[in-house]
Structure formats: structure tokens, C-alpha cells
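The values are calculated or read from the model by the stated rules, or taken from the named source; none is laboratory data. All figures in this text were calculated on a predicted structure; none of them were measured in a lab. We place every Cβ from the backbone using ideal geometry, glycine too, and count neighbours over all the protein chains shown.
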Amino acid sequence: MEIRKVGILGAGTMGRGIAAAIVQKGVEVLLCEKDLDLAQTALAKIAEDFDHEISRWAITDADKRSMMKKLSVTANLADLAATDLVIEAVPEDFDLKVKLFEQLSRLCPPDRVFVTNTSTLSITKMAEQLTGPQRFVGVHFLHPVTKVKLVELIRGLQTSDATYQQVREFLINLGKTPIEVYEYPGYVTTRIILPMINEAMQVVLEGVASAEDVDTAMKLGYNMEVGPLALADRMGLDEVMKWMEHLLRELGDLKYRPCPILRMKVRAGHLGVKSGKGFFEY
């Protein structure tokens, strides 16, 4: 089945990034938020991101106009039934995701494929709550979505081969490189990166080095484009803590116990880029 229009549920950082990556390939996107003001704000932020790309000479004004024409917004969940593929990109909350997919499964045709964008949650457990679990698959897009080629493609126990292949081909057409991941808490990238981020925080907490110097060490010493603490700020420190607590519960491994400085910053509302302050100021 050719995918001509994609519905995206959730217009936060990840939802906007996924939408931008899709329209860049000439595919229409319907972006759905819980109210129209939030949806219009998301549209404006995507336009701002395209303006930044224009300033870098990465795209032209004509490119921006063409891509924005392929974007539309709604606050009505039922409108997603008219799309060819639905991608959910709401916060990493199992109950919220299941609730929304239960509604979507009643509103959409029985052959509609559903994708959940998740970095830690169980695809199989989520699918158990839904009608037609064979049409359900997980995709972990990495931030920034328009720049990072890697995606983790996660199939649940009941995900059909047809669903898996359809989504895999769609991701390849977006210019992504999907890796097949067997369902396990944290998958590959999240499970590996979180202990490094946590240890970088511990080094700062112990006064061994400043946040700036920790990131400089990892960027220059290990050829990382972004240091672990700046990366955590981009992810959102509240999200990082949520992921770590989830993996600690699921795996029982103390390397996923959040560093105290992470808890302190989240309590203070210093969540990283989205709040203007985390380990660094923005």
C-alpha cells in the first residue's frame, strides 16, 4: 500500500520532528493535538525550524513553502482515520498511549497500521490492550529526527510480517536506516546511552569536572558530536529520569538508578532545552 498521507498524534518535539522529516520527502502529514491552539503553535514552530534551515542554506524559501503546504493540523482524533498510516508521538506514558490507541482502533479502518514512537515501553504489552495487535509496531526515532538516520524498528510478539515490512519500507523511503530490535526494555540505543549520561552527571555531582569540561572531554576524546550532558538537555531531563526509572524497575540493575543531581534539576524545573536551563542555559 502506498503511503500518501501520514497522521501524527502528538505535536511535541518528537512529533514535530517526525512531521518535518516526512514532508521533506513529499508526503502529506496531518498533525493532531489535543486542542487547536497547540496544533497551530506546533505548525509555527516547524516553520521556524525551516527558517533556521534556510539561514544555513540547507533549504530554500520555495522548499519551505512546498513543505508547509503538505502540513495540516487538527484537534479531532477521528480525522486520523483518513490517513494511510498513524504514528503516535505523545509522552512516554504507557496508559496514555494505550488509551489513545484504543480510541484510534475504533475510529480507523481495520487494516490501518499503527506506529508508537517509544524508547522504552513494551510493544507486546501495549498491543495486548488493542484490537488487531498484528497491525501494531514500534519505531524509536532519535532526536533530531530530521538529522539522525538511525531508527529502531521494534516488533511485538503479534506484529505481522506485512505490518513490519510496510513500516520498514516507509522508513527507508524517508532516508532512514532501520535496525530490527527484539523487544526488550530500553531496546539498543536508550539502554546503552543512559548509563553514560548518568555517569557524566555523577562526575559533575562529585566535583571531578564541570559540565562544560565533561562534555568537551567526550566530544574531543571520543569524537562525539554532542556531549552526554548537552544530549540529556536536548532529550529533556524529566524524560531521561522517566526512562531511567522505567529501566530500573524493569531490569533491576542499579546502573539505571538516576543520579541525585538529575532528580534535583527535575524538581527545580530545570529540564534542559525546553525550559531554557538544564546542565547548560539556552
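Considering ASP233, ASP238, ASP213, the condition of being surrounded by fewer than 14 Cβ atoms within 10 Å (Cβ to Cβ), in a helix (DSSP H, G or I) and among the charged types (D, E, K, R) is satisfied by ASP213 alone. Residues of the range 93-115 that are surrounded by 15 or more Cβ atoms within 10 Å (Cβ to Cβ) and either of a type in the set (Asp, Glu) or not in a helix (DSSP H, G or I) (or both): CYS108, ARG112, VAL113, PHE114, VAL115. Go through the range 1-57 and report how many residues are of a type in the set (D, E, K, R) and in a strand (DSSP E or B). The total comes to 2.
For first residues located in the range 58-74 and at pLDDT 95 or above, partners that are not in a helix (DSSP H, G or I) and not hydrophobic (A, V, I, L, M, F, W, C) and lie 6+ apart or on another chain with Cβ distances below 6 Å form the pairs LYS70/GLU28. Looking across the range 72-92, the residues that are part of a helix (DSSP H, G or I) and either more than 21 Å from the chain's Cα centre (by Cα) or crowded, with 20+ Cβ neighbours inside 10 Å (or both) come down to ALA78, ASP79, LEU80, ALA81, ALA82.
Number of residues in the range 246-262 that are in a helix (DSSP H, G or I) and either surrounded by 15 or more Cβ atoms within 10 Å (Cβ to Cβ) or of a type in the set (A, V, I, L, M, F, W, C) (or both): the value is 9.
The set of residues in the range 159-210 being surrounded by fewer than 16 Cβ atoms within 10 Å (Cβ to Cβ), small (Gly, Ala, Ser) and outside any loop (DSSP other than H, G, I, E, B) consists of ALA162 alone. Quick one: in the range 9-28, which of the residues that are touching a strand residue (DSSP E or B) at 6+ places or on another chain (Cβ under 9 Å) and either among the charged types (D, E, K, R) or not assigned by TED's automatic domain parsing to the domain that holds LEU100 (or both) is nearest to ILE172 (Cα to Cα)? Among them, the one singled out is GLU28.
The residues of the range 127-145 that are surrounded by fewer than 20 Cβ atoms within 10 Å (Cβ to Cβ) and either part of a loop (DSSP other than H, G, I, E, B) or of a type in the set (Val, Ile, Thr) (or both), listed by number, are GLN129, LEU130, THR131, GLY132, LEU142, HIS143, PRO144.
Here ILE22 clears all of (1) crowded, with 21+ Cβ neighbours inside 10 Å; (2) within 21 Å of MET235 (Cβ to Cβ); (3) not small (Gly, Ala, Ser) except the condition numbered (2). Scanning the range 41-71 for residues that are of a type outside the set (A, V, I, L, M) and under 20 Å from the mean Cα position of the chain (by Cα), which turns out surrounded by the fewest Cβ atoms within 10 Å (Cβ to Cβ)? Restricting to residues being of a type outside the set (A, V, I, L, M) and under 20 Å from the mean Cα position of the chain (by Cα), the top hit is GLU48.
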